[in-house]
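Engineer: Below you'll find the structure I mean.
The values are calculated or read from the model by the stated rules, or taken from the named source; none is laboratory data. Everything numeric in this text was worked out from a predicted model, so none of it was measured. Here the Cβ is made from the backbone with ideal geometry for all residues, glycine too, and neighbour counts use every protein chain on show.
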Amino acid sequence: MKCSIQRSFLTFVATACVVMVARGASAGKAQASHRSTAQEATKSPQSNDAGKSRRQIASIRKQLLKQQAEIAQLLERIRQLEAQVEPHPAAARPPAPSEQTTTEASLTPVVPASKAADASPVSLPAMLGGAASSSGEAGAPSPLQFKIGSAYITPVGFMDFTSEWRNHDAGSGIGTNFAGIPYGNVFQTNLSELRFSMQNSRVGFRLDAEVHGAHVIGYMESDFLGLSPGNAAVSSNSNSLRSRLYWVDVRKGDWEVLGGQTWSLITPGRDGISPLPGDIFFTQDMDVNYQAGLVWGRIPELRVVYHPSRHVAFAAALDSPEQYAGGSAGGPLITFPSALASTYASELNVGSNTFGVPNVAPDVIAKLALDPSSRFHFEVGGVERNFKLWNPLNHQTYSATGGGAFANLNFQVFKGMRFLTNNFWSDGGGRYIFGQAPDLIARANGSPSLIHSGSTVTGLEYTHGNSLLFGYYGGIYVARNTAIDANGKLIGYGYAGSPSSQNRAIQEATVGLNQTLWKSARYGALNFISQYSYLTRNPWYVAPGSPRNASLNSVFLDLRYTLPGSAPTLGK
């Protein structure tokens, strides 16, 4: 295409030159003839006038020869370009990696935008850039991006039809509560379940604008996994809309500030430090609770990022705190001291009293990310947490400080294949392992004692053609932490005789395929996604005659249509 444009332009220039030269020559000859005729009519010829006319004619001839030489050079250049293009008349420019995108919603991308040159994304990546399709629509504008004033607005989202089958009735919809899968001889372990759902469908928008030299991004994303009405499965599935992301980010030069509900800074990244879903690692899983062992949060956060170069980024953030005693997403509750059970169940988050919990200070998170090349990403960081309790029996206030550290890595093994490992260890950080471990226990006198917990998600992602294959291992370990109550009984977490809900370990193995059936820069994309997972949990204490663990087999099948659209490229 580029050669064709150059050839047409040069042909036009050459033709224009020929016309101008011809007109110039005709005008010169006419001028000379007119002057000669006028001179002959008024007076007799003189030798000096004849010499002047000959000099003018010679000058015109010289100009003609020079312009003819330039035209010949242009024609030769055209022939050379034609010789380069004609041997491959059907060849088309391949789309640039940044053009192979459709939308910006949380689509569990194959690879981040900066790594597309190493393994071209073929599912539904959530990255920046223009759009392209296999039908040659490279660079075609999306019909869903529009502009109001100086701001660009890009709708984001997709429509999901998800089917989910489990060999045991987990009772948690299309999101698996890993720590609470059925255990023992109950009806849930003897009956399977099958569900259809559209709840994972998403809707939102991204806003881009330049304000006083700064690049401002506003991002909103919702799904339908909120509270379900009691009659949702009977007559009408009136699933409620739920906020996922709602933040504003301002970047100017090397500095960036973000505020709002976002993927927490503690969530593993795929590329640099970025709040955009396409740069976040939350696996390729169809399970809306992702993978057991994943460290993450979508919570209110204030973040500051410094980018000294395109290969290095450092960030610090304040996250909305929750001092957590279990009870969320199937997570086990601690055993409270008998005299403080009712009081401490209100001072600590037990999964149902978020707004009544007296949190003392925000969680402080720091992260350093290194991207020396598009084939390698490494990040390391930590979190500090603070807890405070008040004992109404002795009117004493007790405090504790905990924290955790994480190290995450992903790199290209060979073209199309990436290895990923994300690892976390904490003292009081169970809240960030999807709430599958409590943060602390309470001793008999009411003082807190933090629980050690850690997790990993390690696996491979391989892209080839229009297919993405993925496989992960996820593991969670929760350490025992016990105390003796005033009545002499054991309390805390993991003691002899503790409930079977108090897990020692949770493990999950997952494999899946994301197949792009069709995609178009103008009209979106259609994907078929499948996932199989085997999940097991082992409690600290097993009652005599009871099974030693609980297990679950899950199969997810999903048909997804993604809206077209790509964010504009604005200066930073």
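Engineer: Do we have F556 as surrounded by 18 or more Cβ atoms within 10 Å (Cβ to Cβ), over 20 Å from the mean Cα position of the chain (by Cα), part of a strand (DSSP E or B) and in the same structural domain as A179 (by TED's automatic domain parsing) here?
Structural biologist: So F556 fits the description; yes.
Engineer: Let me ask you something else. Every residue in segment 295-314 that is aromatic (F, W, Y) and either without any contact (Cβ under 8 Å) to a residue 24 or more places away in the chain or in contact with a Leu (Cβ under 7 Å, 6 or more places away or on another chain) (or both), please.
Structural biologist: Across segment 295-314, the qualifying residue is only F314.
Engineer: Being without any contact (Cβ under 8 Å) to a residue 24 or more places away in the chain, more than 28 Å from Y532 (Cα to Cα) and not assigned by TED's automatic domain parsing to the domain that holds A361 is the requirement here; does S236 meet it?
Structural biologist: yes
Engineer: While we're here: Which residues, taken from segment 359-395, are under 32 Å from the mean Cα position of the chain (by Cα) and of a type in the set (A, V, I, L, M)?
Structural biologist: Of everything in segment 359-395, those that are under 32 Å from the mean Cα position of the chain (by Cα) and of a type in the set (A, V, I, L, M) turn out to be V360, A361, V364, I365, A366, L368, A369, L370, V380, V383.
Engineer: Continuing with the same structure: Do the conditions hold for P308, that is, is it closer than 30 Å to S447 by Cβ and surrounded by fewer than 19 Cβ atoms within 10 Å (Cβ to Cβ)?
Structural biologist: no
Engineer: Please determine whether any residue of segment 450-458 is under 16 Å from E322 (Cα atoms) and either surrounded by fewer than 24 Cβ atoms within 10 Å (Cβ to Cβ) or aromatic (F, W, Y) (or both).
Structural biologist: Checking segment 450-458: at least one residue is under 16 Å from E322 (Cα atoms) and either surrounded by fewer than 24 Cβ atoms within 10 Å (Cβ to Cβ) or aromatic (F, W, Y) (or both).
Engineer: Follow-up. Among the numbered conditions (1) in contact with a Ser or Thr (Cβ under 9 Å, 6 or more places away or on another chain); (2) polar (S, T, N, Q); (3) not in a loop (DSSP other than H, G, I, E, B), tell me where S328 comes up short.
Structural biologist: (3)
Engineer: A further question follows. Could you say whether any residue in segment 294-312 is touching a strand residue (DSSP E or B) at 6+ places or on another chain (Cβ under 8 Å) and small (G, A, S)?
Structural biologist: Yes, some residue in segment 294-312 is touching a strand residue (DSSP E or B) at 6+ places or on another chain (Cβ under 8 Å) and small (G, A, S).
Engineer: Among what's in segment 243-268 and is surrounded by 16 or more Cβ atoms within 10 Å (Cβ to Cβ) and among the polar types (S, T, N, Q), pick the residue that is nearest to F424 (Cα to Cα).
Structural biologist: Selected residue: T267.
Engineer: Another question, if that's okay. Counting only residues that are part of a loop (DSSP other than H, G, I, E, B) and either in contact with a Cys (Cβ under 6 Å, 6 or more places away or on another chain) or loosely packed, with under 15 Cβ neighbours inside 10 Å (or both), how many does segment 506-546 have?
Structural biologist: Matching residues across segment 506-546 total 5.
Engineer: Here is a follow-up. Take D271 and decide whether it is assigned to a strand (DSSP E or B), over 27 Å from A179 (Cα atoms) and assigned by TED's automatic domain parsing to the domain that holds S554.
Structural biologist: On the way: assigned to a strand (DSSP E or B): no; over 27 Å from A179 (Cα atoms): yes; assigned by TED's automatic domain parsing to the domain that holds S554: yes.
No, not satisfied.
Engineer: Would you be able to tell me the number of residues in segment 172-197 that are touching a residue at least 24 places away in the same chain (Cβ under 8 Å), in a loop (DSSP other than H, G, I, E, B) and not polar (S, T, N, Q)?
Structural biologist: Qualifying residue count for the region: 7.
Engineer: Do we have R443 as charged (D, E, K, R), in contact (Cβ under 8 Å) with a residue 60 or more places away in the chain and within 26 Å of A292 (Cα to Cα) here?
Structural biologist: Working: charged (D, E, K, R): yes; in contact (Cβ under 8 Å) with a residue 60 or more places away in the chain: yes; within 26 Å of A292 (Cα to Cα): no.
Criteria not met by R443.
Engineer: For the structure I just gave you, tell me whether G331 is under 18 Å from P448 (Cα atoms) and either in the same structural domain as V295 (by TED's automatic domain parsing) or β-branched (V, I, T) (or both). So that I can check it myself, show each step before the final result.
Structural biologist: Values: under 18 Å from P448 (Cα atoms): no; either in the same structural domain as V295 (by TED's automatic domain parsing) or β-branched (V, I, T) (or both): yes.
Against the criterion (under 18 Å from P448 (Cα atoms) and either in the same structural domain as V295 (by TED's automatic domain parsing) or β-branched (V, I, T) (or both)), G331 does not qualify.
Engineer: Let me ask another. Restricting the search to segment 411-442, which residues are among the aromatic types (F, W, Y) and not in a strand (DSSP E or B)?
Structural biologist: Of everything in segment 411-442, those that are among the aromatic types (F, W, Y) and not in a strand (DSSP E or B) turn out to be Y432, F434.
Engineer: Then there's this: Just give me the residues in segment 514-524 being within 19 Å of the chain's Cα centre (by Cα) and modelled with pLDDT of 95 or more, in sequence order.
Structural biologist: Of everything in segment 514-524, those that are within 19 Å of the chain's Cα centre (by Cα) and modelled with pLDDT of 95 or more turn out to be N514, Q515, T516.
Engineer: Condition (residue is part of a strand (DSSP E or B) and farther than 30 Å from I334 by Cα) applied to segment 381-392: is it met by at least one residue?
Structural biologist: Within segment 381-392, none of the residues are part of a strand (DSSP E or B) and farther than 30 Å from I334 by Cα.
Engineer: Hey, can you tell me all the residues within segment 155-171 that are within 16 Å of N553 (Cβ to Cβ) and either out of contact with any strand residue (DSSP E or B) (no Cβ under 7 Å at 6 or more places or on another chain) or in a strand (DSSP E or B) (or both)?
Structural biologist: Within segment 155-171, S163, E164, W165, R166, G171 qualify.
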